[in-house]
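Structure record follows, encoded as structure tokens.
The values are calculated or read from the model by the stated rules, or taken from the named source; none is laboratory data. This one's a predicted model, so the numbers in the text were calculated from it and none came from an experiment. Note: ideal-geometry Cβ built from the backbone for every residue, glycine included; neighbour counts use all protein chains shown. The protein model used for the area step is the full one, side chains on, heavy atoms only, and it has no ligands, DNA or RNA in it. Shrake-Rupley method; radii C 1.70, N 1.55, O 1.52, S 1.80 Å.
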Amino acid sequence: MTQHLDELIAAARELVSAGLVTGAGGNVSVREGDSMWISPSGFSFADAEAQHYPRISISSGELLEGAQRPSSEVLMHLQVYRVRPDVRAIVHAHPKMTVALTSAGHDLRPMFADYYVYLGANVPHVPYTTVTTPELAAVVQGAFEAPDCQGMVLRNHGTICVGESVKEALFRTLAMEEQAFIQYHALTVGTPQYLSEAQCAELDALDSEDYRRRLLAEMKTSSEVESKG
């Protein structure tokens, strides 16, 4: 097994501890060359061990390694990797606050720096599409064809975040749920004040925020170097 898979398993378990998935919900994957490791179908992230994660060819979709069936959302992961060579990891979760807020018709809108810094301005919110279907995979693929799309909301379903590293995809997922939590509570006590386009542009110009983005990229590079050593 590889360091990439070890990082994926650690992130999957963090999703459980953060309450962003329940039972066997959600799925995660990480790219390795022209293949991906993906979480097994029917397993809780808390229970799945390295030997349970199958490895799938990205180009053909063929099972290359492992005895377990891949996540039922395997096609969704394959389609994203095929259209986004920069994506190294995908996290699909079912964050409760995000699902509740967006299923009620609200869109996530930046109210604090982390959400905008990690997700940017292009966060599609798409209507419910039946889970595990080719139709859902096509919707997800279409959104992520935009190179500035790093995360999206599936109404009445969950979130999908991508990254150049497992940690980056995880951080984006956590930032989305934090935004939903803050936005929900702001709506219950008053009128939320969202960041304007000008304020978001100011964040883009800050050296401190550029540093945070670059740090995640350096974590990716360091991980890849160590795994090849």
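Summary table
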| read-out | value |
| --- | --- |
| Highest-first arrangement of 127-133, 8-14, 158-164, where packing means the average Cβ count within 10 Å | 158-164, 8-14, 127-133 |
| Radius of gyration and maximum dimension Dmax of the chain, Cα, Å | 17.1, 54 |
| Accessible surface of the stretch 1-98 [probe 1.4 Å, protein heavy atoms]: carbon and sulfur percent | 50 |
| Kirkwood Rh and Cα Rg combined as Rg over Rh, evaluated for the stretch 1-43 | 0.98 |
| Gyration tensor verdict on the stretch 91-184 (Cα atoms; rounded if a/c is under 1.5, prolate if a/b is larger than b/c, oblate otherwise) | oblate |
| Helix-only mean residue ellipticity at 222 nm for the chain, each DSSP H run of n ≥ 4 adding -39500 (n - 2.57), per residue, nearest 500 | -14500 deg cm²/dmol |
| Extreme residue, positive dipole direction of the chain, given options V83, A137, L170 (C-beta unit charges) | A137 |
| Exposure of V166 as accessible area (Å², to 10), given a probe of 1.4 Å and all protein chains | 10 |
| Whole-Å semi-axes of the ellipsoid equivalent to the stretch 1-108 (Cα gyration tensor, √5λ, descending) | 24, 17, 12 |
